1. Along Cα→Cβ, 7 Å out, is where each label goes; now give me the distance between the ones at Asp167 and Ala71 in nm to one decimal.
2. Relative to the Cα centre, what is the charge dipole magnitude of the chain, using +1 at the beta carbon of each Lys and Arg, -1 at the beta carbon of each Asp and Glu, and rounding to the nearest 20 debye?
3. Compute the Rg to Rh ratio over region 98-172 from the alpha carbon atoms, using the Kirkwood formula for Rh, and round to two decimal places.
4. Identify, among Leu62, Ile76, Leu35, the residue whose Cα sits farthest towards the positive end of the charge dipole of region 2-95, taking +1 on the Cβ of Lys and Arg and -1 on the Cβ of Asp and Glu, with the dipole about the Cα centre.
5. For region 56-177, with the dipole built from +1 on Lys and Arg beta-carbon atoms and -1 on Asp and Glu ones, taken about the Cα centre, which of Trp118, Ile149, Ala168 lies farthest toward the positive end?
6. Could you give me the ³J(HN,Hα) list for region 14-25, computed from phi with Karplus coefficients 6.51, -1.76, 1.60 and θ = phi - 60°, whole Hz, x at Gly and Pro?
7. Which of rounded, prolate or oblate describes region 1-138 when judged by the alpha-carbon gyration tensor and an a/c cut-off of 1.5?
8. Could you work out the helix-only [θ] at 222 nm for the chain, with each DSSP H run of four or more residues adding -39,500 (n - 2.57) and the total divided by the number of residues, to the nearest 500 deg cm²/dmol?
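Rule-based calculations on the coordinates, nothing more; no lab input. For clarity, every value in this text was computed on a predicted model and none was experimentally measured. All Cβ positions, glycine included, derive from the backbone under ideal geometry; neighbour counts span all protein chains shown.
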Amino acid sequence: MAALTAILGGIAAKVGAELVGTVLGDRFGSAGGELAETVVEEVSKRVGVPPADLPQAEHKELENAVRDVEAVMPEIIALWAKGLDGQFALLEAETREGFWQSAWRWGWMYLLAFFWIWRIIIGPAVNAGGMAIELVDYAVLLTLTTWFISLYMGGHTVKTLGQSAIDAVRVLRGHRP
């Protein structure tokens with residue numbers, strides 16, 4: 001990717017595409033990596049080849065594509081900034097709750113990751129070594145993981161799904177919901 005951004009950055013400098021050159025020149029730091037990828041993808045769409053094939057594209061075609069992307073860079077940057085604003089708003093909302101109110105999310109993530117790694121890798125390896133450790137059933141792990149995902153994604157999703165199931169049973173029994 002670095003070679004590709006260097007090639008496109010050079011073309012951007014040649015054709016006077018300052019915004020494209022700024023993004024591809026890594027002046028936004030590591031946070032701008034996604035933005036640079038977006039710029040490369042936009043150029044590749046305009047050329048009509050996958051990003052990996054851009055170095056083999058005609059130079060004139062690349063220049064035209066970079067000029068076209070430069071024209072829409074304000075919109076691309078605005079969308080990127082809007083995404084960052086959303087990420088910061090989520091982070092702010094979670095930190096506003098306090099440590100203990102939001103700790104369950106990452107705590108459960110790490111606990112479930114440990115359980116899955118233990119069940120799939122560590123437990124069987126220990127048992128193969130001669131020890132007899134009872135392993136948690138996959139169904140239990142899948143149930144716990146499903147509960148966590150449904151809670152993390154919002155209890156209303158589960159509530160709506162449950163209500164839909166109840167309504168379906170009522171319709172099957174001949175009752176109106």
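1. Between Asp167 and Ala71, the label points sit 4.8 nm apart.
2. Details: 14 positive and 20 negative charges, 180 e Å.
Using only the charged Cβ atoms, the result is roughly 860 debye.
3. Reported Rg/Rh (Cα atoms, Kirkwood Rh): 1.17.
4. Highest projection toward the positive end goes to Leu62.
5. Among Trp118, Ile149, Ala168, the one farthest towards the positive end of the dipole of region 56-177 is Ala168.
6. 5, 8, x, 8, 5, 5, 4, x, 5, 5, 6, x
7. Oblate, since a/c reaches 1.5 and b/c is not below a/b.
8. Taking each H run of at least 4 residues, the total per residue is -25000 deg cm²/dmol.
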